[in-house]
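We did not get these values from a lab; they are worked out from the coordinates using the rules stated. All of these numbers come straight from a predicted model, not from anything done at the bench. Positions of Cβ are backbone-derived with ideal geometry, glycine not excepted, and every protein chain shown enters the neighbour counts.
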Amino acid sequence: MALYLVQHGKSLPKDVDPDQGLSDEGIAETKRIADVARGYQIKVSLIRQSGKKRARQTAEIYADTLNPAGGVEVVSGLKPLDDVTTFAASLDAAANTMLVGHLPFMERMVSFLVTGSADNPIFRFQNSGMVCLDQDSESGSWVIVWTLMPSIG
C-alpha cells in the first residue's frame, strides 16, 4: 500500500494562459512518467487534486493511464501554501491514493511525513514527478520507497 505525491506538470506562463494550464512539454513529460508508472504496474485507487487547472490536467493524464477505480476528485488543502500538518492527518497509506498538487506544498508534505518537520527539506520534486511513500504499520513512520522523475542529474 502506498501514498503517491505528484507535482503538476510544467505549465504555461500567466501571460499565455491566465489559468496556467500545462504546456506541451508538461503534457509530454506527464504522459511519459504516467506510462512508466503503468509499466511498473502501479495501482492507484483514487487521485485527489487541488482544483487548479495544471493540477487537474496532470491528474487527468495519470487517471487516463492508471485507471484509478475512484477516479479523480478535487479536494481542499492541496494548494501551494496550505498547511501540510492538517492535510497529513487525513492520510491513509492503505488507500493507495495519489495527490496531485504544487510546490512548496508537496516538498513540505514529504518532509513532514518523513521527518516530522515541514521545514526540513529532504526531497526536490520535478514537474510531473512522483514520490511513493509508505507508512510502517507498527511505528507509523513514513518512508520514501521510490521516485519517478522526468530527468536525472
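With Arg54, Arg48 as the choices, which residue is out of contact with any Pro (no Cβ under 7 Å at 6 or more places or on another chain), more than 17 Å from Cys132 (Cα to Cα) and surrounded by 15 or more Cβ atoms within 10 Å (Cβ to Cβ)?
Details: Arg48 fails: more than 17 Å from Cys132 (Cα to Cα).
So the residue among Arg54, Arg48 that is out of contact with any Pro (no Cβ under 7 Å at 6 or more places or on another chain), more than 17 Å from Cys132 (Cα to Cα) and surrounded by 15 or more Cβ atoms within 10 Å (Cβ to Cβ) is Arg54.
Residue-wise test of (1) over 30 Å from Ser137 (Cα atoms); (2) touching a helix residue (DSSP H, G or I) at 6+ places or on another chain (Cβ under 9 Å).
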| site | (1), (2) |
| --- | --- |
| Tyr4 | no, yes |
| Leu12 | yes, yes |
| Gly21 | yes, yes |
| Ala28 | yes, no |
| Lys31 | yes, yes |
| Gln49 | no, yes |
| Glu60 | yes, no |
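Of the residues that sit in region 10-55 and are of a type in the set (Lys, Arg) and not in a helix (DSSP H, G or I), which one is farthest from the chain's Cα centre (by Cα)? If you could, list the steps in order and put the result at the bottom.
Taking region 10-55 and keeping what is of a type in the set (Lys, Arg), we get 10, 14, 31-32, 38, 43, 48, 52-54.
Next cut, not in a helix (DSSP H, G or I) only: 10, 14, 43, 48, 52.
Numbers: Lys10: 13, Lys14: 22, Lys43: 14, Arg48: 9, Lys52: 13 Å.
Once the filter is applied, the top-ranked residue is Lys14.
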Query raised in the report: Going through region 127-148 one residue at a time, which ones are surrounded by fewer than 18 Cβ atoms within 10 Å (Cβ to Cβ) and either β-branched (Val, Ile, Thr) or assigned to a loop (DSSP other than H, G, I, E, B) (or both)?
Result: Asp136, Ser137, Glu138, Ser139, Gly140, Ser141, Val143, Ile144, Val145, Thr147
Report summary line: Val84 meets each of (1) over 18 Å from Phe123 (Cα atoms); (2) in contact with a helix residue (DSSP H, G or I) (Cβ under 7 Å, 6 or more places away or on another chain) with one exception, condition (1)
